[in-house]
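One structure is given here, and the rest of the page talks about it.
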Amino acid sequence: MSSILLSPAIAAKGFVDSAVTINGTATSAGSGYGGAITSAVANLVSASTSITVIQTALIPIGATTPPAKIGVNITGAILAQIVTVNATIVATTAQSIASLGLPSPTFPTSAALVNTQLKAISDSIQKGLIQPQQ
């Protein structure tokens, strides 16, 4: 039987995985990155909410890994990763219009970093929150 915390973990991963796809589309938009990435940012808010639900359940029992299968140390790390990628999205949005309204030469690298960070978050959720509950 799976934990009641599995559903919000799966939801969070879904939101993040969707943000990966959106970032790809937004990257292709070039100077339109800022508008195109907004739904990914909304997905990250939803992912944060799902992770916070898990963290809220774990805090009163003081669950940390190990010995617990999942813990506040994992949820805290994932929430920190989401803060980091949000900052990278802001920087990437600025770079998308930095050169007279067109993308700067560093825009592709910054957009690729967003992609890498989103995939790392998805992997952290899978390995740290989903797999231990299955």
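Values in this text are rule-based calculations from the coordinates and carry no lab data. The model shown is predicted, which means the values in this text are computed figures rather than measured ones. All Cβ positions, even for glycine, are placed from backbone atoms using ideal geometry, and neighbour counts span all protein chains on display.
Here is how the numbers come out for the structure above:
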item	result
FRET efficiency for residue 39 and residue 59, using Cβ-Cβ distance with R0 set to 25 Å, rounded to 0.05	0.25
In degrees, nearest ten, helix 72-96 long axis to first principal axis of the chain (Cα)	10
Sites residue 94 and residue 52 - FRET efficiency at Förster radius 30 Å, r taken between beta-carbons, to 0.05	0.60
Correct choice for Rg and Dmax of the Cα atoms in Å that was computed from the model, options (1) 14.7, 43; (2) 16.2, 57; (3) 18.5, 68	(2)
5 angstrom amide H check on residue 106, placed H, neighbours 5+ away	none
Efficiency of FRET from Cβ geometry, residue 25 and residue 127, R₀ 25 Å, rounded to 0.05	0.40
Residues 16, 85, sorted so that the one with the fewest Cβ neighbours within 10 Å comes first	85, 16
Contact order relative to length of the chain, as percent, for alpha carbon pairs under 8 angstrom and 6 or more apart	33
MRE, 222 nm, helices only [DSSP H, n ≥ 4, -39500 (n - 2.57), over the chain, to nearest 500]	-23500 deg cm²/dmol
Length added when fully stretched, residue 120-residue 104, from 0.36 nm per residue minus Cα-Cα	3.2 nm
